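Colleague: One structure, as structure tokens, below. Some questions next.
Throughout, read-outs are computed from the coordinates displayed, never taken from laboratory work. Everything numeric here is computed off the predicted structure, so don't read it as measured data.
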Amino acid sequence: MTVDTTSVVIVENEPDLASLYTTWLGETYDVEMASDGETARAVIDGTVDVVLFDRRTPGVSGEALLAMLQERDLECRVAMITAVEPTFDIIEAAVDDYLVKPVSKDELRRIVEQLVLRSSYDEQLQQFFALASTKALFDAEKTAAERKSSDEYARLQDQLAVCRVRVEETMTELFDQGCYRRLYQDLTCEPTP
């Protein structure tokens, strides 16, 4: 199997567990390990797509690692994989997901796949809105005849249509993954008391 260009950093101080996670993900992704927070600071940069880390990282706490990611304004997805049961203080944490150990191979691979897919969806939405905004500008400022005679406008419409299909396909893929149904319900339903 070839390695994807997606970069994953695993911050885990238990060598056997770090090695196991690397083996599980290394078949598909470009994986780097960091055994402590200081090493993680050195390894994590703008090329990293996903960071998986323990809440109790030696040298630098999980919270400090999150703060560093925010300070650097890195656009990576972040998941905590920890033996620490979640507490309500994680509501304020900038994590995309939280897994409680032990984590199975399927669960680990699924979460990374979901995080990568969510990043793709974000990029697709940004592109869609940029194209839609440009189209709206020309719809407001140019006559129907001007738009109809423009090859550039026709290409813009084609790009927008293709982008819309990609967004819908990605959204369907996210929705088809069971946990995202619950997230969608939170978006569309009234909160329960």
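Colleague: Along each of its three principal axes, how wide is the spread of alpha-carbon positions in the stretch 7-141, in whole angstrom units, largest first?
Modeller: Principal axes ranked by extent give 61, 31, 29 Å for the Cα atoms.
Colleague: Normalising by the residue count of the stretch 4-158, find the relative contact order in percent from Cα pairs under 8 Å and 6+ residues apart.
Modeller: Computed over the stretch 4-158, the figure is 18 percent.
Colleague: Also, quick follow-up: Would you list which aspartates and glutamates come within 18 Å of Lys105, measuring only between C-alpha atoms, while excluding same-chain residues fewer than 8 positions from it?
Modeller: List returned: Asp4, Glu12, Glu14, Asp16, Glu27, Asp30, Glu32, Asp54, Asp97, Glu113.
Colleague: Lys148: which lysines have alpha carbons under 21 Å from its alpha carbon, excluding same-chain residues fewer than 8 sequence positions away?
Modeller: Hits, sequence-local ones excluded: Lys135.
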